[in-house]
Structures are given as structure tokens and as C-alpha cells.
Amino acid sequence: MRNRLVFLVLFIFVQGTSGQNNPVEYVNTRMGTDSEFNLSNGNTYPAIALPWGMNFWTPQTAEMGDGWTYKYDDYKIRGIKQTHQPSPWLNDYAAFSLMAVTGELKFKEEERASWFSHKAETAKPHHYSVYLADYDVIAEVAPTERAAHFKFTFPDSDSSYVVLDAFNKGSMVKIIPEERKIIGYARNNHGGVPENFHNYFVAEFDKDFEVSHTWKDEWELQQNSKEAEADHVGAIIGFKTKKGEEVNVKVASSFISAEQAQLNLDSEIGESDFEQVKTNAEKIWNQELGRIKVEGENTDHIKTFYSSLYRVLLFPRKFYEINKEGERVHCSPYNGKVLPGYMFTDNGFWDTFRAVFPFFNLMYPELNRKIMAGLANTYKESGWLPEWASPGHRDVMIGSNSAPIIADAYLKGNVYPEDVEVLFEAVLKNANVEEGRPEASVGREGLDYYNELGYVPYNVGINENAARTLEYAYADWTIAKMAEDLDRRKEVKRFNQQALNYKKIFDSSTNLMRGKNEDGSFQEPFNPLKWGDAFTEGNSLHYTWSVFQDIEGLINLMGGNEEFTAKLDEVFEMPPEFDDSYYGFTIHEIREMQIVNMGNYAHGNQPIQHMIYLYNYAGEPWKTQQRIREVLTKLYAPTPDGYPGDEDNGQTSAWYVFSSLGFYPVTPGADQYVMGSPIFDKATLKLQDGNEFEIIAKNNSEENFYIKEAELNGTSWDKTYLNYQDIQKGGRLQLEMTNSPNKKRATGEEAFPFSMSSDKK
């Protein structure tokens, strides 16, 4: 018995130590994949990729062109495809796939699809493996940034094949048997590309081809053909295999040229074998995930943390390549020219300005400098900043959220000096020019009304007008902060004044934000439960809190702290009622709010995700602590249904990452993080300059989620926020947790986070 006890203790210790040194093993890439059009539990797919890689790979269970490319409950796999999809709502571009079959040749996507089981599937960021039951083949892939190494383990067969599907909307394949190679291109997209858009690919095999076929449109087989070009083509190569024989395929692509695709393959994989590529990818993921070490007794919380952190580190993707001179170059998704410098894409700033980019500023400042350089290049190449890029400008969502992303990076020292003036010019253009925008989502829709009236009117044919007003006002505050540092006094005065425009659509009769007509009257009728209309994917109860820059000003409008917290409470405590008449059906975001038994709190979508922290501004921080812990443990899990709604390029994950550590960036552009309730006993942040910041939660448990006392570097900390510089310098935040609220700690005004009206810094 004693020996068995010692063994058990050693086993737990070794497992814990191993997991902390190998955090990628905690990642479930299938978290959020149990999703569909009507209900999102993440709307994700298992991305086999490196952090911010140019190309991802994913198993494909859905038909070509379906944005829900991998559904957890599907039974068959059609191939493993290269993907650049940021969201099913944006869909994919530049996709092509590989699939192994045996026996009778099946190449049409419905016919070639093989049964599979999650019991015979490994899905990690650095390695995917699946047993294709219909063909007795194990298919595996390991990634680099612009290439991947496939390994197919075949049975004993006289008829083994690898099928390369170059997809529709324009494609070409060419089989070169003497080089054991397939080259070609794929042009499929859903918008946001220049006329000359191509994704050139190369696939090198380590086995001679005995069979070479292609197909053309309508799946017309071209036997013994080596080349095809049409709307939809593909290539088939075949050979005999012995039981257990491994056939390796090294694949790379380029948006620049076929020659650059070959260069990407040679430079990123070269002579490396499958295990070397896989091991290197695992090392890179462990290095990045290991920047934050979390410790606690609940393994599911650790799995959820690293699965979420993995998502934060995927987007935006690198859209640049390295040429033969070793220089960074990109084929511009805006003008189609091959140009020098950084370019990143596949990101919706309406989502990610809230927590993803603040996370980069905290943990990955050098990366964010590169992203900012890419934004400067976007402005130079298209004349505008992106708001939703995939790969070029897309007409999706609202706001002017490039401004807070740029300003927050600049204020934290994360913009290269040569990019500062270009980026400031770009944010000013968004605030001054409405004409000539490439998409309605770029710049500011309704800008002329906003600059004249201080709001976007409800009755002038511009949808989601109240939401636009609130987001423009916040963006204006961030411009003022950047202008202040640049000593641009005229802009400081103007944009600080405009930052108060939120007051112009506040209705004191309801204590809510409300659409306002051009003549100054409020919209009639007004239903605060109505989704859409004056708001974006939410209602007035959700958007009223979008005064990131001046929560105290909002509190004053509502009549004081008690009225403010009562309105917060109301959102959580009322039934999940809604009005979906604007859409004509119940959109998935509404359903995700309705089903989780948290009132009208809609955590599955972004506008309200910061609201839970606002009790800190009104003297009731314990309510934030309680509700934060409820969301962390109730709405997230390391499972296929593990997200409360769309994951959205890392934003819903970044909320979890920040909140599980115990703080959150309510106001990007300020130098503070608002405190919540950490879920881990200990977390260690390894900052880029080598400093470490520890968060220790003593007596932390399921019941002990209230903060009794706090110390920062050994000194009592009676605030509801942390300062950016205090974290960057390294140190220790120690919290004593308890099961009952401490209603005396951090309840005075001196403890409250930044607001314009109080100008706390």
C-alpha cells in the first residue's frame, strides 16, 4: 500500500511537471467545433499551424465552399485542406486539399469521403493524425509557417492514390512525374482580393508515380493526363504500396509566384523528415504557450486556458514571405503588387481591439510592432486602414476600431518610429474623410453626420447608427491620447470633445442608449430588447455600456453608483427576452444568450464582454468577482461545445485568458487593467524583456472567489485595477481569496479605474 501511494504521488508530480513543460499537450484544437449556422459553440476548426502562420491546415468534413469546414459531429472526412479562413461568416480563400484513397479510384469529394472516428484522431496544433477507415490509411500532417509535411501510411494495395483537389473558382494543376511533383494554383475566394490573386502550390513526394490523372470541371476525369486548367481541377497520382508503407508529401504555397512557393518549401522544410517538422512545430508552440504558466488543481481549467491561448496566437496571420535575398515581401491583397515589408491579415478589429491586441501589447510587443508596420503598409497600398481584412478589405461589421488598436500600441511603445506619422495620418483620414472608401465598413460610415451633429442619426438610412456613434466616440478618445503624446494640440482638443459624443444618444428617461433622429428627437417606438436596428448584434441593454473611455461619465448620466449598479444587475437578473424583428429570424447570437440562464447578459458576442467588470467603477467590486468566476466556469470548457458563441479571431479566447489571470483591459488606450477574480492558484507571466509577473491567489477554490486582501510587491493594494508598467517591470500580485465578499476593500473613488471624467491614470 505504501509503495502504491509513493508511486501515485510520483505519477501526479511527473504528470504535472511534464504538462507545464509541454503546455501544447493541454490544447484541444477541437474546442468550439460543435457548431452550426443556428448555434455557435465557437465556430472554430482544428487549425494545424504555427503561431500567426501564413497557412493553416484542417481536416475537411464539409463540402467545398462550406464555411463550417469541420463539424465535430460529422462522420466523414473529404481531405485535409490548406485554409486561411478566419470565420465561417467570412469563409475561406486560396484553399486546396490532399486526400489518400485505396482500391477503386474515388476522387469526387462526396465519393472519396472516408468514415473516421475521434477515437482514432489526434488533433494538436503541431500534429494532426486520422485513420481513414474506408481506405485503411493513416493520414498525418505537421506544419511550418508556409509549408507542411504530410505522411500517409498505406495498407498493402495495388491501387493506392493521393488526390490533390485544387478547388473551384479557378485552378490549375500540373503533374511532373520525373520530379515526383505536383504544382499548380488555387484562386478560390469570397472577396477582398486583387484581380491577379493566386495561391501557387507545390507538392513533392518521396515515391515514384505509376498513375497520373487529372480532372476538369464537373469532375470530368482526364485519364493519363498531366495538366489541367479550368474553373475546378485536380490531380491524382497512384502507386502500389506495401502494408505500413509511409509516403511523404512536402507541400508549400505562395501568394507571390510558383518559384516563391518552391523557395518556401526548400527554406522551411528542405531535407527535414516528418518527425523533425513535427518536433520543431511542437517546440515552437511550447515556447509561445509557455510564456504564461498557470497552476491549479483543476486540469480542465488548465486545458481551457491553453486551448484558448492557442486561439489567441493564431490570428492575424502573416501574409508576407521571405524572398531569395532574405527580404520580407508580400503580394498586396489590396493592389496585387509584390512589395517589401510586413503584411498581416484575417482579422476583424470590431472583435479584437477589445482584448487580443491589448494582450499582444502586454505579452508580444515586438510582434505588435510588426503588425503595426503591416497596417502602415495597408494604408500606403489601399489608401485606408483595414477594419475587417480577409485578405483585403471586406464589408463586415462597423466602427473605427483600427484607431484604438494603433493608439494603444503607440502609447505602449509598440510602433516603429518610421510608422508613427503614417499611422496617425491614417487614423485622421478615417475621422475626416467619408468619400472614396473601398467598403462601407472601412473608415466611418455616416461620418459627415457624426462630425456635424455629434452622432449618426437613426432615420437617415444608416443601420446600427447608435452603435457607430458609441464606437466612433471611443475611437476619438484614443486619437486624442495619441495626439497628446505627439503634441498635436488642435487634435487633442477636438477629439477629446468628440469623445463625449456618447452623451448625445443617452436617453435619461430610460437610462439607456437610444437611436436619435436627425432633428434631435429619439427613435420611436423604442424597445431596449430589440436586437440590431440602432445597434450591432445586440440591443440597448448590451451597447449602453460601450463608453469604454468614460464609465464615470456614464455613471453620472444614470444618476450615480446605485442606479448604475442596479442597471447592471437588471441585465443579469431579468429573463432572456428579446425582439428579433430587425433580422426576421432568431440569429445565433440571440440564441446563445437565451439558453445559458444568465438573463440578458450576452457573453457570446463582443459588445457586452467588458460590462461584467464595470461594478469596479461604482464601488461594488465583489459583484465583478462573483460574476467573472461564474462566466469562467459555466460558459467555457475544453470541449467541442466549449465557447459561449463565436470565438472570433481570438477575442472570446482572449477574454478568458485575461479573466482567468484576474484582470482585463476594459479601456484599450489607457494604461490599466481592471481586476476580476483569478481562477488559478498561481500564474507566471514571462514578459518579452525577461521580467516575470506572478499572480498568486491564496486559498483559491470553487467557493473562494472573492478577494479579501491584495498586495502588490508586498504592499497593500487597495485598487480595482493594475497598471501596465507595474506588470511590465515584473513583480508579484498576491491575493487572499475568501468565500464571502469584502465590501470594504477598494470601494472608494480613489480605487476606481480610469475614466475621462475623473482622469485617473
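Quick look at the values:
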| read-out | value |
| --- | --- |
| Subset of the stretch 483-502 that is surrounded by 18 or more Cβ atoms within 10 Å (Cβ to Cβ) and within 23 Å of LEU554 (Cα to Cα) - its residue that is farthest from the chain's Cα centre (by Cα) | VAL492 |
| Selected residue (only one of GLU325, GLU288, GLU282 is among the acidic types (Asp, Glu), without any contact (Cβ under 8 Å) to a residue 12 or more places away in the chain and either over 30 Å from GLN549 (Cα atoms) or assigned to a loop (DSSP other than H, G, I, E, B) (or both)) | GLU325 |
| Extreme residue, surrounded by the most Cβ atoms within 10 Å (Cβ to Cβ), among residues of the stretch 503-541 that are acidic (Asp, Glu) and in contact (Cβ under 8 Å) with a residue 40 or more places away in the chain | GLU537 |
| One residue from HIS610, HIS603 being buried (at least 19 other Cβ atoms within 10 Å of the Cβ), free of Cβ contacts under 8 Å to residues at least 60 places away in the same chain and not aromatic (Phe, Trp, Tyr) | HIS603 |
| Members of the stretch 413-435 found to be of a type in the set (Phe, Trp, Tyr) and outside any helix (DSSP H, G or I), listed by number | TYR416 |
| Some residue of the stretch 154-170 being aliphatic (A, V, I, L, M), outside any strand (DSSP E or B) and crowded, with 19+ Cβ neighbours inside 10 Å | yes |
| Residues (farther than 13 Å from GLY192 by Cβ and of a type outside the set (D, E, K, R)) located in the stretch 72-86 | TYR72, TYR75, ILE77, GLY79, ILE80, GLN82, THR83 |
| Hits in the stretch 255-300 - residues which are among the basic types (Lys, Arg) and loosely packed, with under 15 Cβ neighbours inside 10 Å | LYS283 |
| Condition check for LYS682: out of contact with any His (no Cβ under 7 Å at 6 or more places or on another chain), among the basic types (Lys, Arg) and more than 22 Å from ILE292 (Cβ to Cβ) | no |
| Selected residue (criterion: surrounded by the fewest Cβ atoms within 10 Å (Cβ to Cβ)) from residues of the stretch 429-467 that are of a type in the set (Gly, Ala, Ser) and farther than 19 Å from PHE535 by Cα | GLY436 |
| Single residue of GLU518, GLU524 found to be in the same structural domain as TRP545 (by TED's automatic domain parsing), part of a loop (DSSP other than H, G, I, E, B) and in contact with a Pro (Cβ under 7 Å, 6 or more places away or on another chain) | GLU518 |
| Selected residue [among the small types (Gly, Ala, Ser), under 18 Å from GLY446 (Cβ atoms) and in the same structural domain as GLY599 (by TED's automatic domain parsing)] from ALA499, ALA483 | ALA499 |
| Verdict on ILE406 being crowded, with 24+ Cβ neighbours inside 10 Å, on the phi < 0 side of the Ramachandran plot and assigned by TED's automatic domain parsing to the domain that holds GLY374 | yes |
| Residue, surrounded by the fewest Cβ atoms within 10 Å (Cβ to Cβ), within the stretch 363-384, restricted to residues that are aliphatic (A, V, I, L, M) and over 19 Å from the mean Cα position of the chain (by Cα) | ALA373 |
| Conditions (1) more than 28 Å from SER581 (Cβ to Cβ); (2) free of Cβ contacts under 8 Å to residues at least 12 places away in the same chain: number failed by GLU491 | (2) |
| Single unsatisfied condition, PHE116 versus (1) over 27 Å from GLU295 (Cα atoms); (2) in contact with a Leu (Cβ under 7 Å, 6 or more places away or on another chain); (3) touching a residue at least 60 places away in the same chain (Cβ under 8 Å) | (3) |
| Residue within the stretch 538-552 that is under 31 Å from the mean Cα position of the chain (by Cα), outside any helix (DSSP H, G or I), farther than 30 Å from ILE406 by Cβ and not aliphatic (A, V, I, L, M) present | no |
| Residues located in the stretch 594-648, provided they are in a loop (DSSP other than H, G, I, E, B), more than 21 Å from the chain's Cα centre (by Cα) and of a type in the set (Asp, Glu) | GLU620 |
| Enumeration of residues in the stretch 725-761 that are outside any loop (DSSP other than H, G, I, E, B) and loosely packed, with under 13 Cβ neighbours inside 10 Å | GLN725, GLU749, GLU750 |
| The lone exception for ILE138 - which of (1) closer than 25 Å to ARG30 by Cβ; (2) surrounded by 20 or more Cβ atoms within 10 Å (Cβ to Cβ) it fails | (2) |
| Breaking point among (1) touching a Ser or Thr at 6+ places or on another chain (Cβ under 7 Å); (2) closer than 25 Å to ALA499 by Cα; (3) surrounded by fewer than 22 Cβ atoms within 10 Å (Cβ to Cβ), for GLN549 | (3) |
| Residue within the stretch 674-693 that is surrounded by 24 or more Cβ atoms within 10 Å (Cβ to Cβ) and among the β-branched types (Val, Ile, Thr) present | yes |
| Members of the stretch 175-193 that are surrounded by fewer than 17 Cβ atoms within 10 Å (Cβ to Cβ) and either of a type outside the set (Asp, Glu) or within 26 Å of HIS127 (Cβ to Cβ) (or both) | ILE176, PRO177, ARG180, HIS190, GLY191 |
| Residues of the stretch 698-724 satisfying the condition of being farther than 30 Å from GLU366 by Cα, of a type outside the set (D, E, K, R) and assigned to a strand (DSSP E or B) | TYR706, ILE707, ALA710, THR715, SER716 |
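The values are calculated or read from the model by the stated rules, or taken from the named source; none is laboratory data. Keep in mind that this is a model prediction, so the values were computed, not measured. FYI the Cβ positions are ideal-geometry reconstructions off the backbone, even for glycines, and counts take in every protein chain you see.
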